[in-house]
Amino acid sequence: STPDDELRQLAAAGKLRDPKFLGEQTRRMLKDERLRALAIEFGTQWIHVRNFDALKEKNEKLFPMFNPSLRKAIYEESILFFQDLFQSDRAVTQILDADYTFLDETLAKHYGIPGVTGPQWRRVEGVRKYGRGGILGLASVQAKQSGASRTSPVLRGNWVVETLLGEKLPRPPADVPILPDEEGGADKRTTRQQVEKHVSNPSCAVCHVRIDPYGFAFENFDAIGRWRVKEVSGLPVDTKAKLRDGTEFEGIDGLRNHLLTKKKDVIVRLFCQKLLGYALGRATTLSDTSLIDEMVSELNKNDGRLSAAVLTIVRSQQFRMIRGSEFEE
């Protein structure tokens, strides 16, 4: 938003050039309710669920409950999660290992979480046992990375590989056969089995062996993010995954543990890169590498607290100066 009176007064007095005042004001702004804009414009955009409440591409016959009220609730959970992440100065790893989420009665019923009544939003602890917690447990992510009538291990796996791990994948060949729109079908295969058959095509296998195992770990969630143990057809889901290097895990808990133990440094660094790019309003370049290094270092020194990364950005030359400008110090 626009600067408030306190910021304007400090700027007029030239005090915002002082690292002490700069740090104090940054911490103050991180507590402000207007931080909701950061949660939307950075958080939900980063995980590709911005404007989820407008998502209508679901089979109304199969999912009549996916109405505006539910979509709004699912989206609000994502916004509140990121807002709290910054306002409460949580560790970056809480993006994955949080054992809490934000619920109202509508969303709690969708998730099958008891004891939440009324329209007011609240922070609810101990939600991992219901398949929730962190961005992996958000119905917004699970539903957005699904088809209109069925789940999509391919889309979900691709989301993990590109959004969390920062790997770039080539576009699929033009002649790729299309998977059935709905679960089950005449051949009575699960969505997973249909994908595995699809991957038997050598031209498809190159990418699918990289992404599908991550997607299979999400198969306990249907196309609108509800927990399930069977598909609509009645066939049981299989969430076992095996990566190219032989690593095995099962379900969202196994995926979360794998990412935190084997990929944490990659995820934290990529998060810093994305946050820096958002703060600067441009794509990061090679010249920003040392600043990203510093952000990661400051996080490591401060128990991973998000404020450490934000303060590093705000105090940086890239953030405080405009290239070629007369305002450069």
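The values are calculated or read from the model by the stated rules, or taken from the named source; none is laboratory data. Since we're looking at a predicted model, the values are computed, not measured. Cβ atoms come from the backbone with ideal geometry, glycine included; neighbour counts cover every protein chain shown. With ligands, DNA and RNA removed, areas are computed over all heavy atoms of the protein, side chains included. Shrake-Rupley method; radii C 1.70, N 1.55, O 1.52, S 1.80 Å.
Every condition in (1) out of contact with any His (no Cβ under 6 Å at 6 or more places or on another chain); (2) open to solvent by less than 90 Å² (accessible area, probe 1.4 Å) is met by Val229 except one, and the failing one is (2).
For the range 110-125, the set of residues classified as more than 13 Å from Glu77 (Cβ to Cβ) and open to solvent by 30 Å² or more (accessible area, probe 1.4 Å) consists of Gly112, Pro114, Gly115, Thr117, Pro119, Gln120, Glu125, listed by residue number. Each residue in the range 246-281 was checked for being surrounded by fewer than 19 Cβ atoms within 10 Å (Cβ to Cβ) and not in a helix (DSSP H, G or I), and 6 pass. Number of residues in the range 307-329 that are under 20 Å from Ser290 (Cβ atoms), touching an Asp or Glu at 6+ places or on another chain (Cβ under 6 Å) and modelled with pLDDT of 95 or more: the value is 2. Looking across Leu55, Leu35, Leu30, Leu10, one residue alone is over 24 Å from Leu80 (Cα atoms) and aliphatic (A, V, I, L, M). It is Leu10.
Could you go through the range 79-94 and let me know if any residue there is farther than 23 Å from Asn300 by Cα and not hydroxyl-bearing (Ser, Thr, Tyr). Checked against the condition, which is being farther than 23 Å from Asn300 by Cα and not hydroxyl-bearing (Ser, Thr, Tyr), the range 79-94 yields at least one hit.
The set of residues in the range 5-38 being among the small types (Gly, Ala, Ser) and closer than 20 Å to Gln318 by Cα consists of Ala11, Gly14, Gly23.
Whenever a residue of the range 44-58 is farther than 18 Å from Val160 by Cβ, its partners that are open to solvent by 90 Å² or more (accessible area, probe 1.4 Å), lying with C-beta atoms within less than 8 angstrom and at least six residues away or across chains, give the pairs Asp53/Lys72.
From the list Thr284, Thr312, the one residue that fits, being in contact with a helix residue (DSSP H, G or I) (Cβ under 7 Å, 6 or more places away or on another chain) and open to solvent by 30 Å² or more (accessible area, probe 1.4 Å), is Thr284.
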